[in-house]
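Have a look at the structure below before the remarks.
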There are 2 protein chains.
Amino acid sequence: MGQHTSAERGAPVGVFDSGVGGLTVAREIMRQLPEERLVYFGDTARVPYGSKSQGTILRFVRQIVRFLETKEVKAIVVACNTASAYALETIEKEIRLPIIGVVKPGARTAAAASRNGRIGVIATDATIGSGLYTQFIQGINPRLQVFGKACPLFVPLVEEGLTHDFVTEEIARRYLKELQEKEIDTLILGCTHYPLLRSLIRGIMGDEVQLVNPAYETALDLRRLLEENGLLSEHAPEGLEKYQYYVSDGAEKFRLFANSILPHEIRTTQVVDIEKY
Amino acid sequence: MGQHTSAERGAPVGVFDSGVGGLTVAREIMRQLPEERLVYFGDTARVPYGSKSQGTILRFVRQIVRFLETKEVKAIVVACNTASAYALETIEKEIRLPIIGVVKPGARTAAAASRNGRIGVIATDATIGSGLYTQFIQGINPRLQVFGKACPLFVPLVEEGLTHDFVTEEIARRYLKELQEKEIDTLILGCTHYPLLRSLIRGIMGDEVQLVNPAYETALDLRRLLEENGLLSEHAPEGLEKYQYYVSDGAEKFRLFANSILPHEIRTTQVVDIEKY
């Protein structure tokens with residue numbers, strides 16, 4: 001390790017999501033690893049992934065990985081729970097680049113956080129259906145109990161801007177009711193949009209339930225991954241664009257949403273015909 | 001005219017939508033034109049279209065038209081308001097098959113129905129943004145006033161099955177408030193999912209406002225189009241599958257939803273890799 005050139009260490013990290021949600025992960029990476037350059041891709045032409053099948057998501061992810069390879073990224077972060085759940089295990093065998101997702105870091109954080117051994121997961125239909133959070137958590141400790149609940153309306157409600165609205169609260173009460181009855185003490189926000197509903201979810205679940213946002217642990221994992229591969233950037237790049245943003249559709253809409261999430265302003269977003277990759 | 005062979009007249013009509021919503025149009029065609037065979041395609045891998053850009057939707061529609069051409073359809077119905085609004089005008093210049101959409105029939109019905117000259121349109125962001133309903137209605141009568149309102153949460157709420165729920169009613173009240181204030185007497189249900197919310201919307205708007213479902217007039221238009229081209233089927237086909245269903249993802253989920261909308265049971269749905277067309 002450590003045999004990489006300075007140019008290789010200075011290459012960007014690729015981060016992708018089905019749309020804008022992965023920006024909550026990118027934001028955390030920027031905070032924890034300010035020396036790293038990022039290339040972000042949001043698949044806004046085909047969003048959402050959460051209601052689609054494994055075969056379809058795998059095909060989409062392969063195209064995105066090929067696109068990121070053309071940007072000469074040194075590592076890839078799958079900043080989407082659905083894509084991590086359905087595609088990561090296959091993709092990591094197909095490529096040489098180091099790649100991580102958000103599910104395993106989230107599972108690890110939750111397993112360490114729970115005191116009563118009862119963990120809830122809220123996510124898309126696809127992520128819950130994959131059973132992957134349960135598999136990882138019980139791989140760490142088979143006695144932990146995991147209760148999953150799909151919340152398909154959360155993404156459209158967030159995208160409609162209703163993050164502090166009684167309609168969203170009513171929907172959240174219905175979704176969360178069965179997890180409350182299971183007496184969980186830890187709840188994984190298993191979709192990258194959900195941290196934007198954190199205060200509303202906290203209001204319903206109460207302060208005694210710990211909310212786990214996998215983004216934090218994912219950024220830690222990325223640091224470890226880059227260190228292990230001798231690829232950690234030593235200093236912020238000069239003369240190169242630090243953060244690049246690509247989408248498959250709707251660059252201006254993406255830019256506006258991104259500017260409400262990220263600490264800095266995005267000036268340009270480029271549109272990519274992702275089906276060609 | 002009339003010079004087509006019996007085999008050509010017996011060819012199916014292609015009907016497509018971004019997903020399941022177009023089945024409300026297919027249902028109406030089956031009712032009015034029971035002699036016709038249909039090939040239905042739902043782009044469930046890339047649904048929804050309503051939040052995407054014109055360039056992306058045009059690319060998707062071109063692929064779907066190429067797929068339907070391989071099924072040797074004799075005509076095409078764009079059973080999706082967004083695709084009709086963004087792609088029909090371009091596509092009809094590119095192909096030789098007769099093709100119609102749902103926007104023009106809906107506009108014509110509303111123009112004929114309104115007494116006070118004030119017409120509302122509810123639809124996706126994309127359809128409202130296109131301004132096409134306004135353009136067609138004012139093309140018929142420039143003195144008619146048209147008020148559009150995008151209702152982006154209606155599709156996910158319908159897909160979540162909340163067609164008779166107070167949450168959907170609350171969202172609908174917000175969306176419809178400004179149209180009520182405009183004192184419209186006619187309201188176009190400008191997205192193929194919305195007829196499934198008809199009773200809820202009627203409850204809010206009251207009986208004095210006429211609700212226009214473009215599906216009815218679209219089926220009439222299809223009959224005219226087939227007649228003009230000498231392509232109307234004379235008798236229901238024998239020994240051939242009458243209705244075929246294709247989707248780009250999630251065949252089983254589609255089948256279940258379709259069986260809740262259509263008067264007959266769908267037995268099989270085939271998955272197509274639409275990006276290859």
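Any read-out appearing in this document is the output of simple, stated calculations on the displayed coordinates, not a laboratory observation. The structure displayed is predicted, hence computed values, not measured ones. Please note: Cβ atoms are built from the backbone with ideal geometry, for glycine as well, and neighbour counts cover all protein chains shown.
Phi angles of region B:238-249 translate, via the Karplus equation with coefficients 6.51, -1.76, 1.60 and θ = phi - 60°, into HN-Hα couplings of 10, x, 10, 5, 6, 10, 10, 10, 10, 9, 8, 6 Hz per residue; Gly and Pro are given as x. The HN-Hα couplings worked out from phi for region A:257-268 by the Karplus form 6.51 cos²θ - 1.76 cosθ + 1.60 (θ = phi - 60°) are 5, 4, 5, 8, 10, 8, x, 10, 8, 8, 8, 10 Hz, whole numbers, x standing for Gly and Pro.
Overall, chain A carries a charge dipole of about 420 debye about its Cα centre when +1 sits on the Cβ of Lys and Arg and -1 on the Cβ of Asp and Glu, all other atoms neutral. The same position A:LYS177 in the other copies lies at 2.7 nm from this copy, comparing label points 7 Å beyond Cα toward the beta-carbon, shortest first. In the elastic network of chain B, a GNM with C-alpha springs shorter than 10 Å, the most mobile of B:VAL78, B:VAL20, B:VAL167 is B:VAL167.
Helix B:81-94 and the longest principal axis of the Cα set of chain B meet at an angle near 40°. Would you work out which of B:PRO105, B:ASN116, B:CYS151 lies farthest towards the positive end of the dipole of region B:30-162, given +1 charges on the beta-carbon of Lys and Arg and -1 on that of Asp and Glu, about the Cα centre? Highest projection toward the positive end goes to B:ASN116. The distance separating the Cα centre of region B:139-180 from that of region A:237-277 comes to 31 Å.
Amide H contacts of A:PHE41 (H built 1.01 Å from N, in plane; Pro and chain starts excluded): A:VAL15, A:PHE16, A:ASP17, A:TYR246 sit under 5 Å, all sequence-distant by 5 or more or on other chains. Each other copy holds its own label point for A:SER199; taking that point as 7 Å from Cα along Cα to Cβ, the gaps run 3.9 nm, nearest first. How high is the FRET efficiency from A:LYS276 to A:ASP207, r the C-beta distance, R0 56 Å, rounded to 0.05? FRET efficiency, A:LYS276 to A:ASP207: 0.70.
Between the alpha-carbon centres of region A:67-129 and region B:1-69 there is a gap of 37 Å.
I'd like the GluC sites (Glu not before Pro) in region A:6-114 restricted to DSSP loop residues with at most 14 other Cβ atoms within 10 Å, sorted by number. Those satisfying the criteria are A:GLU35, A:GLU72.
The B:ALA7 and B:GLU252 beta-carbon pair, evaluated with R₀ = 41 Å, returns a calculated FRET efficiency of approximately 0.80.
By how many degrees, between 0 and 90 and to the nearest 10, does the Cα long axis of helix B:103-113 differ from the longest principal axis of chain B? The answer is roughly 50 degrees. Between helix B:23-32 and chain B there is an angle of about 70 degrees, using the helix long axis and the longest principal axis of the Cα atoms. Shortest first and in nm to one decimal, what separations exist between B:GLU92 and its copies in the other chains, measuring from label points 7 Å along the Cα-to-beta-carbon line? Spelled out, the distances from B:GLU92's label point are 5.3 nm.
Across region A:156-167, coupling constants 3J(HN,Hα) worked out from phi with the 6.51/-1.76/1.60 Karplus curve, θ = phi - 60°, read x, 5, 5, 5, 7, x, 8, 6, 10, 9, 5, 5 Hz, and Gly and Pro carry x. Within region B:101-169, the trypsin sites (Lys or Arg not before Pro) that combine a DSSP coil assignment with at most 16 other C-beta atoms in a 10 angstrom radius are B:ARG115, B:ARG143.
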